[in-house]
Amino acid sequence: MKKIIIFALLLCATVFASAQRRDTIERKTLTEVSVKSKAEGMSRLGGAENGQKMGQEVLFRAACCNLGESFVANPSVDVNYSDAAVGARQIKLLGLSGQYVQLLIENLPCFAGAASPYELNYVPGAWMNSIAVSKGASIVKSGFQSITGQIDVEYLKPDKEQGVDINLYTDSRLKTEGNAVANIHLNKHLSTELLLHGEKDWLHHDMNKDGWHDSPAIGQWHVQNRWKYVNGRYIFHGGIGLLREEREGGQMKGISDNPFRVKLDADRVEAYMKHAVLLDYAHNTNLALMATGSLYNLQGEFGRRTYSTKNKDLYARLMLEHEFNARHQLSAGLSLLMQGKDERVWPVRVPEGMVGGYLLIDQKPETVPGAYAEYTYKPSHKLTMMAGLRVDRSSLYGTFVTPRLHAKWMVSDMMTLRLSAGKGYRSPHAWAENHYLLASGRDVTVAEDLRMEEAWNSGVSAAFYIPVGEQTLKLNAEYYYTNFINQLVMDYDSDPTKISIGMLKGKSFSHTVQVDGSIDIDEELELMLAYRYNDVKCTYGGQLMEKPLTSRYKGLLTVAWKPYMGLIQVDVTLQLNGGGRMPRPYREVDGVLSWDKRFPAYPQLNVQVTRRFRHVSVYVGGENLTNYRQPVPVFCADDPWNDMFEPTLIWGPVHGIMAYAGVRVNI
């Protein structure tokens, strides 16, 4: 009842504020500003895929320091809270973890292997121009990896208007951040762009006084130089980037003579290029070659355990697109994926494989050449059908086929239906993607018979556009089902002394139902309300159980109020996160359970106020204003050398109320 009252009070307060300003402020409409707002805000993807695109107007409704903080107002994407060991955050889509979501930077894959737990922190918010989120098995042109969806991030482009954008941020935890994006047009054909990012946590936090860092202190700097050349029918786009990050957590200083330390050092070098030639204007025929490569080194210390890895990743794609006519379109191409790792873990309990005190992970390089074709049929403006098929051959797992189908039917001006079905695959990276588990006091074991992950995904959605006076109520209802054939399973339940990582033995599936609606009350007030229900189950130790640390449902209310012709903007986001199952607890010496069997539902309230000037925007805000915190984020925090020590079971916020302020400057 309390949560319902909070929702009602927030809605009433917003409507009351709207009514008050109608009596005191003369309404003025600037058509140019209105058009720009819609173009940069939230919009549905125009093709057959079901999804949304978020522009900078939506991204700036929160502090948005990085990609992980850009989904606060998105009803479809959840972001897990940072674990108390390494601070890794992971998105969830359709109730499943982010490793089943393909992350792209401008249509190129990125952050594979050991970098994937930190990928959300590696994409600065001030660099982003837009984010496109598609649900379900995505198009085969982008690869075979997408199972539950795809997120494609577009950075600011080198050929945008010349100038410098600066973003400065600080918060009540004394985290500071600075960003700069500078564009220079060298001539009418060539432009370049420099992107800079730096952040630093100056304090170490322990709000619940358990002697353990709530989250590690992070220091990061990130720089990219990007170029774009356009001359007639030829386009080139390329760049290089460098990243350096340090994380320090574990026990607070002075707590123990033998402190449990968590420390990670990461370095990353990346480069990419895109070449495109328009061969035929009449049929939009173009040929493109794109490639990206990266080197990623990570050194991790987790108490007495260490993990180190050197990742080498290369991806290239050659593609040809052609429109035969308005009804028939074809996209076809070749791709090559190469991944190599040199991983070492010390010490772990294994029957064999110890060399010089280290476990050398037998991770042979994987090479995956592939080919794809994607056909789009548009018999009318109301119907679009897109069928894709790709064939790939992995040097480790053999040949596999990826079929996918999307359809869009505009039943009327008020209703649009979308349907999708397809298969997805993933190569397992057991240690690389789960190395943070080494902070646990339990033994971490990885099975030897790992196989490629494989799943089917299907979904249906209906979008309704209902006139309400002079405005339009936009409703969306959708259902998605994901069924795994092979899956890499992390098992906390079968043995209280171990965390076992191995292949699925039984069933694993996800059902997701979501309903959301949005409406512009007038030119100044926008409302969005959403509800999502997840039924996610997996087999652990021969028993089909609810997936742990996964909320059963989520309610979301967002309010955007832009009075004074948008010079001031107030953004309010209220979430109600449903409860879920904890991993099976064990009984301590006194017979008491180590933790509750389930975690409760909890609300979260975020508010931000922005004041816009001609070239400057100043914003202040607060996160988690409900001040809800997970009561016990670290189990056995007073004895981290205990076999039952567990800092990885995070389901809710660790920090309480957090205030922040920042400024955005355009020169």
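For Tyr465, the conditions (1) out of contact with any Ser or Thr (no Cβ under 7 Å at 6 or more places or on another chain); (2) aromatic (Phe, Trp, Tyr); (3) over 17 Å from Leu94 (Cα atoms) all hold with the exception of (1).
Of all residues in segment 445-473, those that are closer than 26 Å to Met410 by Cα have Cβ atoms under 6 Å from Cβ atoms of residues that are among the small types (Gly, Ala, Ser) and surrounded by 13 or more Cβ atoms within 10 Å (Cβ to Cβ), 6 or more apart or on another chain, in Asn457/Gly136; Asn457/Ala137; Ser458/Ala421; Gly459/Gly136; Gly459/Ser420; Ala462/Ala477. Out of Asp257, Asp265, one residue alone is acidic (Asp, Glu), over 28 Å from Glu374 (Cα atoms) and not in a strand (DSSP E or B). It is Asp257. Each residue in segment 522-561 was checked for being aliphatic (A, V, I, L, M) and at positive phi, and 1 of them qualify. Residues in segment 312-327 include at least one that is under 30 Å from Pro347 (Cα atoms) and in a strand (DSSP E or B).
What's the number of the condition Asn534 fails, among (1) assigned to a loop (DSSP other than H, G, I, E, B); (2) of a type outside the set (Val, Ile, Thr); (3) crowded, with 17+ Cβ neighbours inside 10 Å? The failed condition is (1).
When Leu549 is tested against (1) exposed (fewer than 15 other Cβ atoms within 10 Å of the Cβ); (2) within 24 Å of the chain's Cα centre (by Cα); (3) not in a strand (DSSP E or B); (4) not hydroxyl-bearing (Ser, Thr, Tyr), exactly one condition is not met: (1). Against the test of being touching a residue at least 40 places away in the same chain (Cβ under 8 Å) and outside any loop (DSSP other than H, G, I, E, B), the options Val607, Val572 yield a single qualifying residue, Val572. Name the residue that is surrounded by the most Cβ atoms within 10 Å (Cβ to Cβ), counting only residues in segment 50-70 that are touching a Leu at 6+ places or on another chain (Cβ under 9 Å) and under 19 Å from Val607 (Cβ atoms). For segment 50-70, the residue satisfying everything is Ser70.
I'm checking my understanding of the structure. Among residues of segment 521-531 that are part of a strand (DSSP E or B) and buried (at least 18 other Cβ atoms within 10 Å of the Cβ), which one is farthest from the chain's Cα centre (by Cα)? By that ranking, first place goes to Leu525.
With respect to (1) buried (at least 24 other Cβ atoms within 10 Å of the Cβ); (2) over 18 Å from Ile650 (Cα atoms); (3) more than 13 Å from the chain's Cα centre (by Cα), the lone exception for Val101 is condition (3).
The set of residues in segment 320-349 being modelled with pLDDT of 95 or more, surrounded by fewer than 20 Cβ atoms within 10 Å (Cβ to Cβ) and within 18 Å of Gln145 (Cα to Cα) consists of Ala332, Leu334, Leu336, Met338.
Filtering segment 585-604 to residues that are of a type in the set (Phe, Trp, Tyr), within 14 Å of Gly652 (Cβ to Cβ) and part of a loop (DSSP other than H, G, I, E, B) leaves only Trp595. When you look at Glu26, is it farther than 30 Å from Arg612 by Cα, in a loop (DSSP other than H, G, I, E, B) and modelled with pLDDT under 90, yes or no? It is false that Glu26 is farther than 30 Å from Arg612 by Cα, in a loop (DSSP other than H, G, I, E, B) and modelled with pLDDT under 90. Within segment 205-224, can you find the residues that are under 23 Å from Asp267 (Cβ atoms) and either among the basic types (Lys, Arg) or buried (at least 16 other Cβ atoms within 10 Å of the Cβ) (or both)? His213, Ser215, Pro216, Ala217, Ile218, Gln220, His222, Gln224, listed by residue number.
Scanning segment 278-296 for residues that are surrounded by fewer than 17 Cβ atoms within 10 Å (Cβ to Cβ) and more than 21 Å from Asn231 (Cα to Cα) returns Gly293, Leu295.
Scanning segment 297-310 for residues that are crowded, with 21+ Cβ neighbours inside 10 Å and of a type outside the set (Val, Ile, Thr) yields Leu298, Gly300, Phe302, Tyr307.
Candidates in segment 612-634 are the residues that are in contact with a strand residue (DSSP E or B) (Cβ under 7 Å, 6 or more places away or on another chain) and more than 30 Å from Phe599 (Cα to Cα); of these, the one that is modelled with the lowest pLDDT is His615. Of everything listed in (1) under 30 Å from Gly303 (Cα atoms); (2) touching a Gly at 6+ places or on another chain (Cβ under 8 Å); (3) buried (at least 16 other Cβ atoms within 10 Å of the Cβ), the single unmet condition for Trp431 is (2).
Under the condition of being farther than 17 Å from Phe60 by Cβ and not β-branched (Val, Ile, Thr), the residues counted in segment 164-194 number 15. Among the residues of segment 156-179, are any small (Gly, Ala, Ser), free of Cβ contacts under 8 Å to residues at least 24 places away in the same chain, surrounded by fewer than 23 Cβ atoms within 10 Å (Cβ to Cβ) and farther than 30 Å from Gly424 by Cβ? Yes; the residues of segment 156-179 include at least one that is small (Gly, Ala, Ser), free of Cβ contacts under 8 Å to residues at least 24 places away in the same chain, surrounded by fewer than 23 Cβ atoms within 10 Å (Cβ to Cβ) and farther than 30 Å from Gly424 by Cβ.
In segment 552-572, of all residues being of a type in the set (Lys, Arg) and closer than 16 Å to Gly95 by Cα, the one that is nearest to the chain's Cα centre (by Cα) corresponds to Lys554.
The values are calculated or read from the model by the stated rules, or taken from the named source; none is laboratory data. Just so we're clear, the structure is a prediction, and the values are computed from it rather than from any experiment. Note that we place each Cβ from the backbone using ideal geometry, even for glycine, and neighbour counts take in every protein chain shown.
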